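Any read-out appearing in this document is the output of simple, stated calculations on the displayed coordinates, not a laboratory observation. Please read all numbers here as calculations on a predicted model, not as lab measurements. Cβ placement follows ideal geometry from the backbone for every residue including glycine, while neighbour counts extend to all protein chains displayed.
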Amino acid sequence: MTAVSRDNRPDIADLLAFYASAGVDEALEEEPVNRFAEAASKPAERAPATVTPTGGSAALPRSTSVSRAEMGERPGAAPVARAQSATATVPDEQQAALARQLATRAASLDELRQHMAAFDGCNLKFTAKNLVFADGNPNAAVMLVGEAPERDEDIEGLPFVGRSGRLLDRMLAAIGLDRTSAYIANVIPWRPPGNRTPTPHETEICRPFIERQIELVNPKVLVNLGGLSANTLLNTTEAILRLRGNWRVHTTAAGIAIPAMPTLHPAYLLRTPAHKKLAWRDFLEVKAKLRALG
């Protein structure tokens with residue numbers, strides 16, 4: 001193995017940039033802790049063997065409690081209001097059922113936002129700074145649903161305010177729309193750590209909230225930004241490059257069919273600018289549909 005020279009080692013600016021891109025944007029303790037020194041000072045411990053009864057399988061808990069410290073909340077931070085308990089719970093079917101109950105009870109967007117703010121069933125809430133509910137005009141004819149907030153959205157508590165948001169604003173302007181004539185939300189209202197892809201459990205827990213949000217807004221046209229949004233709300237597993245450009249239907253719990261256009265997420269377009277022409281065609285379809293619907 002070739003030794004890395006001191007000149008080629010990353011400096012503090014490189015390390016800070018790496019931490020920021022990974023979602024590490026604040027210190028948890030006043031003084032740095034050398035975890036390597038701690039590990040070296042402890043004797044190696046042998047994990048106890050797990051015995052499984054003959055003819056059966058070991059039972060695994062469906063839900064695991066995690067303390068606030070383990071979830072990374074800052075020491076000394078103000079306690080967050082809890083709807084059920086003071087501990088976070090690993091997502092499971094019970095939490096998804098609770099989310100459905102809360103979503104169904106919401107008679108308005110304000111009530112839905114309050115229920116989501118009090119909901120503790122998704123662990124993403126405990127690592128995010130803010131609930132990212134929505135932006136724009138709830139009376140608009142078109143509703144755009146993205147995937148999950150990124151760092152800028154998490155900080156400001158609004159969807160699509162970073163680089164992706166600026167591109168989305170230009171895409172809307174190209175068909176004569178802006179945030180006063182469109183309503184924007186995400187499938188996942190809390191930022192996943194490091195902008196990772198939400199897990200299927202996390203998506204299923206958040207699904208009732210975005211479905212109820214669509215139902216309350218009742219737009220004439222729905223635009224699914226990205227594969228996660230399209231797959232979740234259109235009940236399909238097709239890749240977004242196969243889905244995009246083809247009208248689909250999102251059916252609400254009340255049985256209302258809303259025409260939906262799956263298209264590419266602005267973050268993807270920033271990484272793959274050659275595909276902007278595909279998104280442009282999709283947005284022209286949206287413009288034509290809105291004109292046809294009046």
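Residue 270 to residue 105: FRET efficiency via 1/(1 + (r/R0)^6), r the Cβ-Cβ distance, R0 45 Å, to the nearest 0.05? Could you put the intermediate results ahead of the total?
Working: r = 38 Å, r/R0 = 0.85.
The calculated FRET efficiency here is 0.75.
What does the charge count near residue 132 come to, summing +1 for each Lys or Arg and -1 for each Asp or Glu among other residues with Cβ under 15 Å from its Cβ?
Surrounding charge for residue 132 is -2.
So which chymotrypsin sites (Phe, Trp or Tyr not before Pro) in segment 112-195 are both in a DSSP loop and have at most 12 other Cβ atoms within 10 Å of their Cβ?
Here no chymotrypsin sites (Phe, Trp or Tyr not before Pro) fit, given the DSSP loop and packing criteria.
What trypsin sites (Lys or Arg not before Pro) in segment 197-269 are in a loop by DSSP, with at most 15 other Cβ atoms within 10 Å of the Cβ?
Here the sparse-neighbourhood loop sites are 220.
What are the lysines whose alpha-carbon lies under 16 Å from the alpha-carbon of residue 289, with same-chain residues fewer than 8 places away excluded?
Hits, sequence-local ones excluded: 220.
I need the calculated FRET efficiency for the pair residue 173 and residue 151, taking r as the beta carbon distance and R₀ as 25 Å, to the nearest 0.05.
0.55
Before anything else, pin down the relative contact order of segment 88-293: Cα pairs under 8 Å, at least 6 apart, normalised by residue count, whole percent.
For segment 88-293, the relative contact order is 22 percent.
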